[in-house]
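So the structure is just underneath, and the comments pick up after that.
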Amino acid sequence: MLVTSKDLFWVVLSFVILFGGICTSFAIFYFAMILRDGWYITKAIRRKVEAVEKVMTAFKSKVENTASFVPPLIDGVSKLIEAVAEKKRSSATKAGKKSKRK
């Protein structure tokens, strides 16, 4: 079977080629798995970004809708504060008049 050193060379070369093919196959397989994981990661990130975008759009529409109610609300609150301040002033002047009478 192995008569000359050339025969041994061809046997060893065939094993080297076989081993190289197996290693290349594993390398291609793992590279494909890395690409697949990258695909899943980008898909998950894309879903998260879309969810954040939906939340921001909903928040923006709520703020825009609420912004139309803010000026009347501010006017109402300022009138309420003025009324409370006026009530305090009138009660303070009444209390001051009562203490002067005694």
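Between the beta carbons of LEU80 and GLU53, assuming R0 = 41 Å, the FRET efficiency works out to 0.60 to the nearest 0.05. Here the spin labels are modelled as points 7 Å beyond Cα on the Cα-Cβ line, and at ARG89 and ARG46 they lie 6.5 nm apart. Rounded to the nearest 500, the 222 nm mean residue ellipticity of the chain from helices alone is -35000 deg cm²/dmol, with -39,500 (n - 2.57) taken per DSSP H run of at least 4 residues. Over the chain, how many pairs of lysines fall under 24 Å by alpha carbon, counting only those 8 or more apart in sequence or from different chains? Close lysine pairs found across the chain: 16.
Toward the positive end of the charge dipole of segment 1-68, with +1 on the Cβ of Lys and Arg and -1 on the Cβ of Asp and Glu, the farthest Cα among PHE9, PHE59, ILE34 is that of PHE59.
Readers should treat all values here as calculations from the given coordinates under stated rules, not as data from a laboratory. In this text, all values refer to a predicted model and were calculated from it rather than measured experimentally. Backbone-built Cβ (ideal geometry, glycine too); neighbour counts: all protein chains shown.
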